[in-house]
1. In the Gaussian network model of the chain, springs joining C-alpha atoms below 10 Å, which of 34, 154, 162 carries the largest mean-square fluctuation?
2. Along the charge dipole of the chain, Cβ charges K/R +1 and D/E -1, which of 79, 59, 216 sits furthest on the positive end?
3. When the dipole is taken about the Cα centre of segment 81-169, and only Lys, Arg (+1) and Asp, Glu (-1) are charged at their Cβ, what size is it in debye, to the nearest 20?
4. Could you work out the relative contact order of segment 31-163? I mean the mean sequence separation of Cα pairs under 8 Å and 6+ apart, divided by the number of residues, in percent.
5. Using Cα-Cα distances under 8 Å and only pairs 6 or more residues apart, what relative contact order does the chain have, in percent?
6. Once you charge only the Cβ atoms, +1 for Lys and Arg and -1 for Asp and Glu, what is the size of the charge dipole of the chain about its Cα centre, to the nearest 20 debye?
7. Ranking 182, 177 by Cβ neighbours within 10 Å, fewest first, what do you get?
8. Can you show me the helix-derived [θ] at 222 nm for the chain, built from DSSP H runs with n ≥ 4 at -39,500 (n - 2.57) apiece and divided by the number of residues, rounded to the nearest 500.
Amino acid sequence: MARRAGRLPAPDPAPRAIIAVDGPAAAGKGTLARRLAAALGLPYLDTGLLYRAVGRRVLDAGADPRDATIAEAAARALVPEDLARADLRGPLADMAASAVAAIPAVRAALLDFQRDFGRAHGAVLDGRDIGTVVFPDAAAKLFVTASVAERARRRFLELAGRGVAADPAQVEAEIRDRDAQDANRPVAPLRPAADALQLDTTTLDADAAFAEALRLVRARLGA
Ligand code: DC
């Protein structure tokens, strides 16, 4: 978005800035984006939760998450309390979210919410298409990746930490499926924006990934 002429620039570019954090499932974007938001004093939005909440509403209705009419109605009926539900994670919610996210009318219905959130005070948003579609003019864009094996390992440990029994091979297969579904859909597919800063966290622990992300973003913001 073009800046209005005649306005004095803010002394520090971080307040009100839009920071886009995109990448595949289980790459660590959420933790990273939340920490970036805290460090930069910006609100944080996990946009995956929107798709998860829509998928969950469709499942609640006993419908197929690929049903475009029902999924769009669910997206339009979404209320903030839906994002606080305790059942938005897990294999079923993962696949339902990925399925509704492939429906253009669902994406369109969720676009204004994301843009309004970011424009209100600036924000760090994480997702798949923040830097390409939702905020193509974001002040800084990070594309966070890690190898499939490492993402599967992290997701397995996360599930184990929550007491959820899982089969490592099955976890990896689900991540591959979701990658394929998110990257191959015709609308807003997962891909890095041309001006995104790439961050591969395969060999980085959470603190090292955060330090590098903050360095990259600060350099891009000139802060
Ligand atoms: O980030 P996540 O794993 O919570 O996202 C859940 C699903 O939602 C994911 O499979 C793809 C979709 N998604 C999307 O298409 N666009 C976004 N901005 C965020 C998530």
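Any read-out appearing in this document is the output of simple, stated calculations on the displayed coordinates, not a laboratory observation. Just so you know, these numbers come straight off a predicted model, no measurement behind them. Here the Cβ positions follow ideal geometry from the backbone for every residue, glycine too, while neighbour counts run over all protein chains shown.
1. Judging by the Gaussian network model, the answer is 162.
2. 216
3. Around 240 debye, computed over segment 81-169.
4. On the way: 123 pairs, mean separation 41.8, N = 133.
For segment 31-163, the relative contact order is 31 percent.
5. Numbers: 348 pairs, mean separation 71.3, N = 223.
RCO, the chain: 32 percent.
6. Numbers: 31 positive and 29 negative charges, 145 e Å.
Dipole size: approximately 700 debye.
7. 177, 182
8. Using -39500 (n - 2.57) per qualifying helix, the result is -16000 deg cm²/dmol.
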